[in-house]
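Engineer: Submitted below is the structure of interest, expressed as structure tokens.
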Amino acid sequence: MSRFRLAAGDTRWPACLSDLGALRGCPWVHSLWVEGELPALPGVAVVGSRRASVAGVETARRIAGDLARRGVTVVSGLARGVDCAAHGGCLSAGGRTVAVLGCGLDVDYPPQNSALRQTVRASGALISEYGLDDAPVSWHFPHRNRIIAGLCSAVVVVEARVGSGALSTARWALDLGREVLAVPGSILGRANEGSNRLLRDGARPYLDVSDIEDLLPAWARAQVLPRRIDGSAHEDPGTGRQRRLDGERSRLLAIIGAEPVHRESLGLALGLGASQLAVLVGEMELAGSIRILPGGLVSRTRW
Amino acid sequence: MPLDEVACIGELALDGGVRGVAGMLPMARRLLASGIRHLVVATENAAEAAMVEGTSVIGVDSLAMAVAHLEGRIPLQPVSAPPMGDVPPHGGVDLAAVRGQALAKRALEIAAAGRHNLLMLGAPGAGKTMLARAFAGLLPDLGSDEALEVAALYSLRGRLSDRPLTSLRPPLRAPHHSVSRAGLIGGGAGIAHPGEVSLAHRGVLFLDEICEFPRGHLEALRQPLEERRVAVTRVRATVVFPADFVLVAAANPCPCGRLGQPSGPSCRCPEEVINRYQSRLSGPMRDRIDMTVEVPRLGGDALLGGANEEPTAKVRERVAAAQARQLERAAATGVTANALLEGDQLLHACRLDTRARDALTIAGEKWRLSARAYHRVLRVGRTIADLAGEDRVGREAVIEAFQLRGQVQ
């Protein structure tokens, strides 16, 4: 495992980080601990809620996957939820990713992601401006966000609440003159309030990868890596199966839409008895086309 | 009649009056078994003692009355036994009164048919208590021997006011989580009393907010859940009480109770807190709970619509038919309820077809099921097939059983 310390001005120092120095009131980044190998930078950051919905996680995976297939480095913060999905989506599409930590490289935080951390290190880099043993203190994270913003040419915000860390990344990005994009979300509930407000304030809506194409380096616009067959859930091996779904199954999927629906409501909407519904849902869960969440909510696995 | 063929039981007061005592019914049964069929007891105990068939019971109010009767001076007429089942149906909740909750109701039906222990997860106010009360109504009437056995336990506890003596309905006990261990399992000073687990014998033990019960209490439930009886050890003796109940437990899905709510404010409990909360139910308890069902708090339209709810009586008929099928099989296996099937007996009873086996294999790989989890699914699947009147457990039954296995592993 290669671990090294980069000082500002080093030949390998990412040029895009120098923009941070030009920014008034921005804490200076003296040096960085790097573990792994730094991929091509600037990349694109995909950030969002730690408590993301199933749809949010899926969205982040898809965006990161699409970017990865164009050879773009995906930058995120290795937090739970969207960050984690962004790294994962990028890696399963065969891309390279950078995780900027809010603690020292030797600190295993958040503990749930230690496996993901290994894979990120293997096909990209972990970066931290903190000492190897520094604890994940709360004020580290907003500071860390300036590095995420610095390492990318654009930030895509997926599902952010008002006051969330993703919005602080977006703010740094604006200050640095990077493009900020946000994925439009439901106006019910608070889950998308922050990202939707970004859109109202002039952020570019992200609907698919074409929305970001002009911001990518020229080589990335042309190049599209082939989709990997063994990729994970979102790689839609389901197109063939989709056609074969009988009426009830497709009706059920149509009802679910983007937001998970409770089993109870599904039964009412489909006019099925509890037993028939359980069999239908069970078969679909077994086939992997839906997932049952704690509490009895039913979610799609593919969009 | 010679006095050595007569038993006189009662509490003698200083004024010569005779008062009733607890445990008359089991005493009368025991006496009859040892050949004593003439009893003289307090009037308030007379009907209870007379329930034991073959016993002749005289009720007296005072010692003087008893002496006069035994000397033949003023002979009294034996009390006749109250007819079994001659009580108005218990004021439980009819299933039709519970709106919506189709899945929970289906789970109740399956649980009643196979005597499976059931866990309901849902926010406060979702209707878990109402469902549990309706559940007792789904169980068929007890046989008169069983009813007498139950009445004997209430008699021992001195709790006949809780339950009409002659009731044939399976009992429902719902102790609060502040219950003492002795109150729940049995015990007490002096002679051991049966606890709530025994008062729920042949009926339902409903533990609301099961995560709030002290851990020791839940550990102590292990023996009755596994052996269908409970041994209460006192200083002088160990007493074994029957405790064959269906456990219906209810819990919030997370400390705030809002996890997985279809509408309203969403849950804000951190994942670790949810895991810790649900792990209170881990281990031996979970192994004995065959089914888990979520009970969502429904919005107004769901509560007002769907007026066509099935009444308890109709579901109970299906439950009784499914239980009859289990009894037919019991002739060969000796196991009277699907919830008690284990190992080879279970596999043999299921007679899985190929499509069902396929589903089990795929699901087993997908969710990395333990052997115990497999068995739970098979037991529940067996009951689903019994409710459908099928000899073999098919794919649909297995798939439906998977849906009732619950998320917590």
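The values are calculated or read from the model by the stated rules, or taken from the named source; none is laboratory data. Predicted model only: the values in this text are computed from it and were never measured. Note that each Cβ is placed from the backbone with ideal geometry, even for glycine, and that neighbours are counted across all protein chains shown. Ligands, DNA and RNA are stripped out before the accessible areas are found, and what is left, the full protein with its side chains, is counted by its heavy atoms. Shrake-Rupley method; radii C 1.70, N 1.55, O 1.52, S 1.80 Å.
Engineer: If you go through the range B:369-389 one residue at a time, how many are hydroxyl-bearing (S, T, Y) and either within 26 Å of the chain's Cα centre (by Cα) or open to solvent by less than 40 Å² (accessible area, probe 1.4 Å) (or both)?
Structural biologist: Start the filter on the range B:369-389 by keeping residues that are hydroxyl-bearing (S, T, Y), which leaves B:370, B:374, B:383.
Going one step further and asking which of them are either within 26 Å of the chain's Cα centre (by Cα) or open to solvent by less than 40 Å² (accessible area, probe 1.4 Å) (or both), we end up with B:374, B:383.
Final tally of qualifying residues: 2.
Engineer: Also: Mind counting the residues in the range B:174-186 that are open to solvent by less than 30 Å² (accessible area, probe 1.4 Å) and charged (D, E, K, R)?
Structural biologist: 0
Engineer: Kindly check whether there is at least one residue in the range A:31-51 that is farther than 23 Å from A:R121 by Cβ and in contact with a strand residue (DSSP E or B) (Cβ under 7 Å, 6 or more places away or on another chain). Explain how you work it out, then say what you get.
Structural biologist: Taking the range A:31-51 and keeping what is farther than 23 Å from A:R121 by Cβ, we get A:49, A:51.
Narrowing further to those that are in contact with a strand residue (DSSP E or B) (Cβ under 7 Å, 6 or more places away or on another chain): none.
No, there is no match, as no residue in the range A:31-51 is farther than 23 Å from A:R121 by Cβ and in contact with a strand residue (DSSP E or B) (Cβ under 7 Å, 6 or more places away or on another chain).
Engineer: Which count do you get for residues in the range B:1-52 that are modelled with pLDDT of 90 or more, on the phi > 0 side of the Ramachandran plot and within 25 Å of the chain's Cα centre (by Cα)?
Structural biologist: Residues in the range B:1-52 being modelled with pLDDT of 90 or more, on the phi > 0 side of the Ramachandran plot and within 25 Å of the chain's Cα centre (by Cα): 0 in total.
Engineer: State whether one or more residues within the range B:218-227 are open to solvent by less than 40 Å² (accessible area, probe 1.4 Å) and under 11 Å from B:S198 (Cβ atoms).
Structural biologist: Taking the range B:218-227 first, the residues open to solvent by less than 40 Å² (accessible area, probe 1.4 Å) are B:218, B:220-221, B:224-225.
Next, only the ones that are under 11 Å from B:S198 (Cβ atoms) stay: B:224.
Looking for residues that are open to solvent by less than 40 Å² (accessible area, probe 1.4 Å) and under 11 Å from B:S198 (Cβ atoms), one finds at least one in the range B:218-227, hence yes.
Engineer: A further question follows. Give me the residue from the range A:256-281 that is within 13 Å of B:E294 (Cβ to Cβ) and at the interface with chain B (Cβ under 7 Å from one of its Cβ atoms) and, out of that set, farthest from the chain's Cα centre (by Cα).
Structural biologist: Once the filter is applied, the top-ranked residue is A:A274.
Engineer: When you go through B:R236, B:R202, B:R169 one by one, which is the residue that is open to solvent by 20 Å² or more (accessible area, probe 1.4 Å), in a loop (DSSP other than H, G, I, E, B) and touching a His at 6+ places or on another chain (Cβ under 8 Å)? Give the steps one after another, and end with the answer.
Structural biologist: Details: B:R236 fails: touching a His at 6+ places or on another chain (Cβ under 8 Å); B:R202 fails: touching a His at 6+ places or on another chain (Cβ under 8 Å).
The conditions single out B:R169.
Engineer: Something else about it: Being free of Cβ contacts under 8 Å to residues at least 60 places away in the same chain and away from chain A (no Cβ under 13 Å) is the filter here; which residues of the range B:358-389 pass it?
Structural biologist: Within the range B:358-389, the subset free of Cβ contacts under 8 Å to residues at least 60 places away in the same chain is B:358-371, B:373-375, B:377-378, B:381, B:385, B:388.
B:R368, B:S370, B:A371, B:A373, B:Y374, B:H375, B:L378, listed by residue number.
Engineer: Do we find a residue being over 30 Å from B:H38 (Cα atoms), in contact (Cβ under 8 Å) with a residue 12 or more places away in the chain and open to solvent by less than 60 Å² (accessible area, probe 1.4 Å) anywhere in the range B:73-92? So that I can check it myself, show each step before the final result.
Structural biologist: So the first thing to find is which residues in the range B:73-92 are over 30 Å from B:H38 (Cα atoms), and the list is B:88-92.
If we keep only those that are in contact (Cβ under 8 Å) with a residue 12 or more places away in the chain as well, we get B:89-90, B:92.
Going one step further and asking which of them are open to solvent by less than 60 Å² (accessible area, probe 1.4 Å), we end up with B:92.
There is at least one residue in the range B:73-92 that is over 30 Å from B:H38 (Cα atoms), in contact (Cβ under 8 Å) with a residue 12 or more places away in the chain and open to solvent by less than 60 Å² (accessible area, probe 1.4 Å).
Engineer: Sticking with this one: Here is a check on your reading of the model: is B:P296 more than 9 Å from chain A (Cβ to nearest Cβ) and modelled with pLDDT of 75 or more?
Structural biologist: Numbers: more than 9 Å from chain A (Cβ to nearest Cβ): no; modelled with pLDDT of 75 or more: yes.
When the stated conditions are applied, B:P296 does not pass them.
Engineer: Continuing with this model, one more query. In this structure, does B:R99 turn out to be closer than 25 Å to B:V246 by Cα and open to solvent by 60 Å² or more (accessible area, probe 1.4 Å)? Give the steps one after another, and end with the answer.
Structural biologist: Details: closer than 25 Å to B:V246 by Cα: yes; open to solvent by 60 Å² or more (accessible area, probe 1.4 Å): yes.
Yes: the conditions hold for B:R99.
Engineer: Taking into account only those residues within the range A:154-209 that are open to solvent by 30 Å² or more (accessible area, probe 1.4 Å) and assigned to a strand (DSSP E or B), which is nearest to A:L78 (Cα to Cα)?
Structural biologist: Taking the candidates together, the pick is A:E179.
Engineer: Looking only at the range B:390-409, which residues are within 11 Å of another protein chain (Cβ to nearest Cβ), crowded, with 24+ Cβ neighbours inside 10 Å and part of a loop (DSSP other than H, G, I, E, B)?
Structural biologist: Of everything in the range B:390-409, just one residue is within 11 Å of another protein chain (Cβ to nearest Cβ), crowded, with 24+ Cβ neighbours inside 10 Å and part of a loop (DSSP other than H, G, I, E, B), namely B:L404.
Engineer: Tell me yes or no: at least one residue of the range A:85-103 is more than 16 Å from the chain's Cα centre (by Cα) and either away from chain B (no Cβ under 14 Å) or not basic (K, R) (or both).
Structural biologist: Residues of the range A:85-103 that are more than 16 Å from the chain's Cα centre (by Cα), as a first pass: A:102-103.
Restricting the remaining residues to those that are either away from chain B (no Cβ under 14 Å) or not basic (K, R) (or both) gives A:102-103.
Yes, the range A:85-103 contains a residue that is more than 16 Å from the chain's Cα centre (by Cα) and either away from chain B (no Cβ under 14 Å) or not basic (K, R) (or both).
Engineer: Another question about this same structure. Would you list the strands (runs of 3 or more DSSP E) that sit entirely within the range A:1-90 and hold 3 or more residues that are open to solvent by 40 Å² or more (accessible area, probe 1.4 Å)?
Structural biologist: Working: elements: A:3-7, A:31-36, A:43-48, A:74-76.
Fully inside the range A:1-90 and qualifying: A:3-7.
Engineer: Looking only at the range B:304-355, count how many residues are within 14 Å of another protein chain (Cβ to nearest Cβ) and open to solvent by less than 50 Å² (accessible area, probe 1.4 Å). Explain how you work it out, then say what you get.
Structural biologist: Quick first cut of the range B:304-355, residues within 14 Å of another protein chain (Cβ to nearest Cβ) only: B:304-310, B:314-315, B:318, B:322, B:355.
Now drop any that are not open to solvent by less than 50 Å² (accessible area, probe 1.4 Å), which leaves B:305, B:309, B:315, B:322.
Result for the range B:304-355: 4.
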